[in-house]
Structures are given as C-alpha cells and as structure tokens.
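Scroll down for the structure; my scribbles are underneath it.
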Amino acid sequence: MSVTRSGPAITADSRTVAPVPGRAARVMTRPPVVAAGQGLSAPAAIIRHAVLLITGVLILVPFVWMVSLSLKPPGEIFRASFSFFPQQWYAVQNYTRALTEAPLPQYMLNGFVVCAVILIVQILVCAPAAYALAKLEFKGRHLLFGLVLIGLLIPHQVLALPLFILGYQFGILNTYAALVFPFVVSPFGIFLFRQFFKAIPDDIVHAARLDGLSELAIVWRIMVPMALPAVIAFSIFSVVSHWNDLFWPLIAVRDENLMPPSLGIMAFKNEEAGNDYGPLMAASTLIVLPLAVAFIAAQRWFIEGLTTGAIK
Amino acid sequence: MSSIVFDEIEKSYGATAVLKKVSLSIADGEFMTLLGPSGCGKSTLLRILAGLELQNAGTVSIGELPVDGIRPKGRDVAMVFQSYALYPHMTVGSNMGLPLRMRRLNAWQRLPVVGRLLPGTHATTRDIAAEVAKTAEALGIGHLLDRKPGQLSGGQRQRVAVGRAMVRHPAVFLMDEPLSNLDAKLRVQMRGEIKELHQRLGVTFVYVTHDQAEAMTLSDRVAVMLDGELLQVAPPQRIYADPDDRRVAEFIGSPKINMLEGIVQEHGRVAVAGATLNSAIGCTAGTAVSVGIRPEALHLDPHAGIESFTGSVRLVEHLGSDLFVHLDLAGQDTRLIARLLAERAPHISIGQTLHLASDPERILFFDANGHRIRRDHETRAASVAQLRELA
Ligand SMILES: Nc1ncnc2c1ncn2[C@@H]1O[C@H](COP(=O)(O)OP(=O)(O)O)[C@@H](O)[C@H]1O
Ligand SMILES: [Mg+2]
C-alpha cells in the first residue's frame, strides 16, 4: 500500500526538489525500500512501476476480457487476434439473452436478499460479542477469544457436511434460511471489531456508563459508530464473499428460484447457453457490476478500515 | 445531601494491592482533592466511587446510603475525565445532551427515526436542547454546539467535558486530572473557573490531581495518597505547615523540604549537620530523628551560632522576588536549599560561606518510621484543629 501511494511522489521528488536539504532529510526517514528508490532514482522507479503495472494488468485482464466478450457475436469470440471492441456490436443481443433466457434478475434478487440478511445478522451478532471480548472483564474471556481465533482458521468447506446435516435436522434445506444460517456468526467479524473496539479508550466506555447508556446502547451508539471504517470494511468482505459463494449454495439449495447469482450462472451455462459464451459473459458482467460499483463507492473506508486494524 | 464516605476500601488487580483500607469522609458541598504521585491509586478510588469499578472490600456511601450495588447511572455522580472522553462521532451538542436524553426519553423515543414520531419526544428534545444551550453559554462554548470534538482546541474540549457533567445537575462532581492536558497558562485559568464552578453549584467535588498547586489552590481539604494509602487528610495549609508524615512533607512543597538526619541529645536538643537545635521534643537521648526544614523557614544568620547551619554556596537561583540558595554544609555530604527574600540577600556569590538558621517553631521532626514527632503544644493544637474540622 505505502509503495503504491508513495511511488509517484518519489519520482517527482527526485526530478524536481531533491536538492532541497529539508526534503532530502524527510525522504531519508521513510522506509528503507523507498529511500533506496530515491538513491537509484529513475531506473528503480521504472522497475517498480513496471512490476506494479504488470501485476495490475494480470489481475485486470480476465475482467476486461469478460466485458469484451460480452460485447461480441459468437463468431468473433474464438478469433486468434484480440481486440477489445468487437467489429460487429452484439452487446444488445447478448445482454438481452442474459436477462431473459435464464432468470438472472431472480438470481440477483436472491443474492441481494441473502447477502443483506447475512450482513445484518452478522453485525448484530459480532458487534456485541466483540465488545464483550474487548471491554468486559469476565472469566474465560481469553479462552473465548482463543476459540474465535481458531474459528478464523477453519475454512467453512470443512464444516459443510455437519452444517448440511444440521440444516436437514432443522428442516430448512432448500430455503433462504439454509443460505444464511452457517454465516450468522463470523469469527472474522468478531476479530476485526474486537481489535477496533480495543483501541477505543476505556474512559469513553466509562463516560457512556455514567451518562446512563446500557451495555448494548454503548455497543450501538458509541462503539459501532466509532469503528465505522471497520464496519464498512467488514461489510464489503462479507457481501463480496457471499455474493460470489458457490460452494455452500450448491449444497444448500436446489430450487432455481432460491439460487444466488454465482450458482445461477452455472445453471445458465449448463442448460441454456451451452457453448454460447456471449450471453454467459454478459450475465457475469451484470453480476459483478453491483459489487464493483459498491466497492468503488466505499473504497476510502475500506482501505482505512484495513490499515487501521492492522496497525493497532 | 451528598456527603461521601469510603469505609475501608480495598482493591487489588491480581496480586498487586492498589488500595489498602482507604477510609475517608467528605462533607456535603466540600471540595476534596485526592493528591498523590501518579500510580498511587487516585483514579481507582474515583472509579470505585463512580461505580465504574468494584472494590474487593469495604463500603462506599453517598448521601449516607451505601451505593455498592448501584450502577454508575443510579449514583447521581458525573465525571470529567483526564482524556475528556468525548464521543468523537457526535457534535458538541449531542455530547452534552446525551446524559439528558438517556434519562428523560424512554427507549422507544430514543430510536433514530421512529422515536421522533412518538408523542412527547419533540417537546422533551426541545427542552434538552435549550438546557444544553444554556449550559454551553455559561461555559462560553455556545457557538461550538454543532462542531465535532475533533475540531476543538484542548481548552474547548475540556469545557465540553465539564458541560456534559454539569448539564444534568449531579449531586457529586468527580474530576480526574481534568487540567493535565492543558498548557500552563490555560491550566491556571481553568483552575480559577473550576473553583468558581464549585462555589456557584455548591455541590460536592472530588478532584484528583498529582499537581500540588492545583490541590492547594482549589481544595477545602486535601487527602494525600501514596501507594494506595491515605497519609493525611487536612486543609491545604495544614498539609503544608503541619504534615503528619515525612512522605507528606516531602511530597508537598517546591523546592522539596530539606531533610537532615539528627540524633537526640540531653535536654531535648537535637544534633544535626553541625548544628544543635533546641527541639523540646520528648525523646530519649540517642534516638535517631529526621529533621525537616522548609526552604523558606531558613533565614540568613550574620554570625555562626549554635543553632545555625554553616556551608558554602554552591548555586544561586534568582526568581525575581526570591532566590534559592543551595548550600553545601561544611563537613557533611548534605545540601540545604534556602528560599530567601531577594532584597534581604543581595550580595550572595558562589563559594561564599553562609550561616543559615531557622525559626525553631517551623522545624519538623520525624521518627524512624516517618511519623511526625510533635512538641506537646503542637499536639494540642493539631487535635483542636481536627475537632474543628469535624464539627
Ligand atoms: N485495570 C487495571 N488493571 C491492572 N492494574 C491497574 C488497572 N487500573 C489501574 N491499575 C494499577 O493500579 C495502580 C493505580 O492506578 P491509578 O488509580 O490509575 O493511579 P493514579 O490515578 O493515582 O495515577 C497503578 O499501578 C496501575 O498500574
Ligand atoms: Mg489517574
């Protein structure tokens, strides 16, 4: 992070204002990597930017390709030569088919409902739990926090079978509830919130108690608003991972009307589109779109949330 | 009625005892200061009084009622914290209004959107806003109500913290080093304002500080604490002039009191650092005592007398009206600091030999355990003073 941000600033420094002693001294106090870059000036900066650029491109290419394919007619998709824009625009046909041939809007609605419910319930559970672990004194607090850390290490695929059986016992398989219940308690959320709450001074909690706030009121009126960057970062993590989750919906639901977007795409591909990649890519683009928009809107808090959490 | 009684309060964190059987009574409307070096347990005692922490043993009463089982909210105390503890996401107005909202609106009325539609919410909210504005005006922060704490200076935040405590008219005001984050000038100004506030409100104040100047200027009585024990509780003047304990004498006063080791001789005389003092204390000859002399109790003696200290001047510090003279005592490895009036001692130079003597009444004697050894008439005077305080 620091490298990406300070990169351009350093190049500017070395070309224009490096001779000013004060500037030079300030640069020297930066991390060693950056200071070395200053010493080597242009070539090192070029290499660093090249590395960043290549990494960025590698991450972005599949995405760009997907958007590009969604604009092309079937004939152009498997051409050897690549161009972003199609020779013949086929966007309207692809997107129309994506929206009509499979119940894509239904899938996306399912995704919205499931992600929203998961997120709300997660915050409702995680914030008080994290508050208790961060600010209340009780026996077994350290043990409980240890369990949270263990929970953090267990991939949820490992729990799929027990959860499936649990869902069967409750009789909620193949319902929205089945898509939600394994994620109600998020060890990651508890951990992240707890780190943030821990950094809030005890005096604030004491002041709130004297002001007459109950413990739950302290959580919702004081702690959560003060840890807003963490809440937003966690919200993005949660929504992205459950919007894109394929594994658990595959197990939990069979009814097409309940399928979330990612699972919906699979159904789409197998039954309707076959080898017809244009509509498939159009559907994928539509599914990724809400996430991309939300992320860009919340980017500032997201980064702040992660870095603050990491430092404190 | 909001007198406060601590009865044998004990508190420990793990194995470390932070408070050791602390007993203290504070009268209704009194300004009591807990004074002691940092880490001695002052804040812990204050938090126990507020109900933010539970004592391991002992009882706290407010207004003659034990409050041990009562939550902070129910104790009718308000507190100003060293860090101010303002809520950074709320405006100054909301910070100050929160204690009133929590008390006057019910849980439904406090809900974000729905609450506003319920009957009574609007009127109550308006009353609260008016009271907050009035308090803010009184503190000179009326124009800041819409700002967030992050946009305020240290002094303004301090006023907001006081305002948040004031607005609900508590029976007891607790202040935990409220001035220690301010710069020196503002500290003196706020000190005056706190004194005024106490006189205006007339409620009980319990004030914690490690700064003796604050304790001395503000308090009706000072409780000197050290390592979780109360050493002495008395009005500032008596704490200074008539300390019960060597540690109190050493903690109060700047520069620090001169402590010399002496031996009791025949007829109550004390041999100390080359001088023989006429002490009139009733100790048997040969007892080791500590002799405390405040720098300003010393004065220049033109000739070496039997009761005067002789030494060479090591350092002279000019302070305008006064000067501090550091004297290396002849044949001793002790140093004596004297505070002399500048116009009486204009000619002192370094290396010069001086004789200093003290008014015998102002010399303090302590036994080997640090307890004060009082002369007979002093003992009587001290008990009369104590009786008067109790009355
Ligand atoms: N929550 C706590 N856990 C463990 N030790 C504590 C806690 N609070 C205070 N202490 C210890 O108790 C002692 C007294 O603290 P405190 O009352 O804050 O002192 P003061 O306010 O006089 O500076 C200190 O040594 C401190 O380290
Ligand atoms: Mg303290």
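Points worth noting:
- Peptides B:225-232, B:355-362 ordered by average Cβ neighbours within 10 Å, highest first: B:225-232, B:355-362
- Summary value for region B:254-390: 25 percent relative contact order, contacts being C-alpha pairs under 8 angstrom separated by 6+ residues.
- Label separation (residue B:25 vs residue A:96): 9.4 nm, computed from points 7 Å beyond Cα along the C-beta direction.
- Paramagnetic reach from residue A:199 (point 7 Å along Cα→Cβ, amide N under 20 Å) across region B:120-158: B:149-151
- Each Lys and Arg Cβ is given +1 and each Asp and Glu Cβ -1; about its Cα centre, the protein assembly as shown then shows a dipole of about 1740 debye.
- Separation in nanometres of the label points that stand 7 Å from Cα toward Cβ, at residue B:64 and residue B:321: 4.5
- Leaving ligands and nucleic acids aside, the A/B contact buries around 1700 square angstrom of accessible area in total at a 1.4 Å probe radius.
- Candidate cross-link partners of residue B:256 among the lysines, defined by an alpha-carbon separation under 30 Å and a same-chain spacing of 8 or more, comprise B:20, B:21, B:42, B:185, B:195.
- At least 50 Å² of accessible area lost relative to the chain alone, listed for region B:76-90 with a 1.4 Å probe: B:81, B:87, B:89
- Residues in region A:203-217 occluded by at least 30 Å² - accessible area, probe radius 1.4 Å, against chain by itself: A:203, A:204, A:206, A:207, A:209, A:210, A:211, A:212, A:213
- Taking B:324, B:81, B:366 in turn, the Gaussian network model of chain B (Cα-Cα springs below 10 Å) assigns the largest fluctuation to B:324.
- If R0 is 30 Å, the Cβ-Cβ spacing of residue B:57 and residue B:111 corresponds to a FRET efficiency of close to 0.10.
- Long-range HN-HN contacts of residue B:334 with modeled amide H, under 5 Å: B:329
- Rounded percent of accessible protein surface that carbon and sulfur make up, the protein assembly as shown, 1.4 Å probe: 62
- Antiparallel content of DSSP bridges confined to chain B, in %, to 5: 75
- In terms of the mean number of neighbouring beta-carbon atoms within 10 Å, the peptides B:89-99, A:85-95 order highest first as B:89-99, A:85-95.
- Dipole-positive endmost among B:342, B:262, B:369 within region B:254-390 (Cβ charges, Cα centre): B:369
- Given a 1.4 Å probe and the protein chains as shown, residue B:373 ends up with an accessible area of around 30 Å².
- Relative contact order (%) - chain B, alpha-carbon pairs under 8 angstrom, separation at least six: 15
- Efficiency of FRET between residue A:149 and residue A:255 - r from beta-carbon atoms, R0 35 angstrom, step 0.05: 0.45
- Charge sum, other residues only, whose C-beta stays under 15 Å from residue A:172's C-beta, Lys/Arg counted +1 and Asp/Glu -1: 0
- Per-residue accessible area (protein heavy atoms, 1.4 Å probe) orders B:134, B:42, A:139 as A:139, B:134, B:42, starting from the largest.
- Exposure of residue A:202 as accessible area (Å², to 10), given a probe of 1.4 Å and all protein chains: 90
- Remark: chain B carries a charge dipole of roughly 1880 debye about the Cα centre, counting +1 on each Lys and Arg Cβ and -1 on each Asp and Glu Cβ.
- Largest to smallest accessible area among A:55, B:16 [probe 1.4 Å]: B:16, A:55
- Peptide B:163-170 has a mean of 1 when you count, residue by residue, the C-beta atoms of other protein chains within 10 Å of its C-beta.
- Ranking B:186, B:277, A:180 by Cα position along the charge dipole of the protein assembly as shown, where only Lys, Arg, Asp and Glu carry charges on their C-beta atoms, puts A:180 farthest toward the positive end.
- A Förster radius of 22 Å combined with the Cβ-Cβ distance from residue A:109 to residue A:246 puts the calculated FRET efficiency at roughly 0.80.
- Taken per residue, the accessible surface of the protein assembly as shown reaches 50 Å², heavy atoms only and a 1.4 Å probe.
- Simple spin-label estimate for residue B:227 and residue B:201 gives 3.5 nm between the two label positions (7 Å along the Cα-to-Cβ direction from each Cα).
The values are calculated or read from the model by the stated rules, or taken from the named source; none is laboratory data. Quick caveat: nothing in here was measured; it's all calculated off a predicted structure. Cβ sites come from the backbone with ideal geometry, for glycine too, and all protein chains shown count toward neighbours. Ligands, DNA and RNA are excluded from the accessible area calculation, which covers all protein heavy atoms including side chains. Shrake-Rupley method; radii C 1.70, N 1.55, O 1.52, S 1.80 Å.
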